[in-house]
Each structure stands twice: as structure tokens, then as C-alpha cells.
Amino acid sequence: MFGKLCLFCCLIPMVLTAIAMLGSVIWLRKGMNKGAMGPEYTVSDGVLNTFSMTPNKTLDYDLALTITVENKLSINTKIKWEEFETIPVYEDVELSKVDSAPFEIIKVDKKELKPSYKGVKQMSGNVDASKAKNLKLVDIVLKLEAKRKADTVWHFKVKNQLKYVCTLKVPTKSGGEKFESTKCERKK
């Protein structure tokens, strides 16, 4: 009688512990893949130091942004970004691409990235060159692609590549307007 009771008392807690750990791992994996939890991308500052267009639709630009990457996971997780690429888009024309160096965030923390985009781009289509004069705020869409992997406290690894879009209203340096912080949304 005593042997059966001991077996029952030891076995049940072990089974419950195994089920709880398995459930936590499955929950973490689903959350990382859905993007429901984990890193959050926010464009916290931006300014167009130069933004002018010639009559023949050649755009001269100098855009500076501050992107805040924040790990929202409350558990002991390390997330490493192997690739982090951003491309600003104006009037459906991609301007220039910036690839950031690989970086990582351990536990709940933030990292600020300060990409700068400079160049001259020939615009196409129905872009009105006169519309670009004397603008205070410029509508720019920022495409963001992140290839990352996460290591959890249980040594469980998650890898994914996600795309985000940030719809920005970027002030020109001479416009006097303030930049409004914008959270990026996952592209489906």
C-alpha cells in the first residue's frame, strides 16, 4: 500500500510539470511566429534635412530617422537580429536601402538605430514636381524587414523573417513641424 501511494505522489507532480513546460514552449513559439509578442518597432524621430525636386522629377533627399527596437518579452529571452533592413518609399518609389549591423537584445530592453538615407532619385509616374515645394510634412512609408532568432530560458530556438510597414509624416527641416512617433505594423 505504501509503495503505490509514493509512486502516485511522485508521478503526478512530474507529469504536471512536464505538461506545464511543454505548454509554455508551445505558447512562446506561437507568439514569436505571430508577432503578437516579442519585439516592437517604433520610429521615434525623423527629419528631412533636404527634400527638393527639379522640374524633370529628380528628387534630392536627406532623411534621418531614429528607430527604437524593444523586446517586450518578460522572460529570460535573447533575441538576435541577423539582418535588419529599412527602405523609405516616397510616391511608390523606393529611395535607398540601409542594412544595419547584426545586434541583440537580452531580456526586456531597447535598442536605438539611427539610419540615414541620402541620395538623388529619378521619380516616375504621376509625381507632381511642384507639389514637393514648400512642404512642411512629407508622407513616407518605411519598409522594414527583420530576420531574427530567439533563444529562450529552456534553450528553445525560434527563427523567423518578418516584414513591417511604418506610415510616417516626416517634417522638413525648414517646415517647423514636430515628428510624431509611429509604431510599425506587421505586414501580412
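Could you list, in sequence order, all residues of segment 128-141 that are surrounded by fewer than 14 Cβ atoms within 10 Å (Cβ to Cβ) and touching a strand residue (DSSP E or B) at 6+ places or on another chain (Cβ under 7 Å)? Lay out the reasoning, then the answer.
Of the residues in segment 128-141, the ones surrounded by fewer than 14 Cβ atoms within 10 Å (Cβ to Cβ) are 128, 130-131, 133-134, 136, 139.
The answer is LYS136, ASP139.
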(request) Find the residue count for segment 25-51, including only residues that are out of contact with any Leu (no Cβ under 9 Å at 6 or more places or on another chain), at pLDDT below 85 and open to solvent by less than 50 Å² (accessible area, probe 1.4 Å). (result) 1
(request) Determine whether LEU144 is in a strand (DSSP E or B), of a type outside the set (Ser, Thr, Tyr) and open to solvent by less than 100 Å² (accessible area, probe 1.4 Å). (result) yes
(message) I'd like to verify a number: residues in segment 99-127 that are open to solvent by 30 Å² or more (accessible area, probe 1.4 Å), closer than 25 Å to VAL170 by Cα and not hydroxyl-bearing (Ser, Thr, Tyr), how many?
(response) 12
(request) Kindly provide the set of residues from segment 66-84 that are assigned to a strand (DSSP E or B), of a type in the set (D, E, K, R) and within 21 Å of SER181 (Cβ to Cβ), ordered by number. (result) GLU70
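Based on what the data block shows, is LYS173 without any contact (Cβ under 8 Å) to a residue 60 or more places away in the chain and farther than 26 Å from GLU82 by Cβ? Steps first, please.
Numbers: without any contact (Cβ under 8 Å) to a residue 60 or more places away in the chain: no; farther than 26 Å from GLU82 by Cβ: yes.
Spelling it out, it is not the case that LYS173 is without any contact (Cβ under 8 Å) to a residue 60 or more places away in the chain and farther than 26 Å from GLU82 by Cβ.
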(message) Would you confirm whether or not segment 94-109 contains a residue that is assigned to a strand (DSSP E or B) and more than 23 Å from ASP45 (Cα to Cα)?
(response) yes
(request) For residues that are under 15 Å from VAL138 (Cα atoms) and buried (at least 16 other Cβ atoms within 10 Å of the Cβ), scanning just segment 53-65, find the one that is modelled with the lowest pLDDT. (result) MET53
(request) Just need a number here: residues in segment 175-184 that are surrounded by 13 or more Cβ atoms within 10 Å (Cβ to Cβ) and at pLDDT below 90. (result) 2
(request) Among what's in segment 76-98 and is within 13 Å of the chain's Cα centre (by Cα) and among the aliphatic types (A, V, I, L, M), pick the residue that is least open to solvent (accessible area, probe 1.4 Å). (result) ILE79
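The values are calculated or read from the model by the stated rules, or taken from the named source; none is laboratory data. Computed from a prediction, not measured in an experiment: that's the story for all the values here. We place every Cβ from the backbone using ideal geometry, glycine too, and count neighbours over all the protein chains shown. Note: accessible area is taken over every heavy atom of the protein model, side chains too, but ligands, DNA and RNA are not part of it. Shrake-Rupley method; radii C 1.70, N 1.55, O 1.52, S 1.80 Å.
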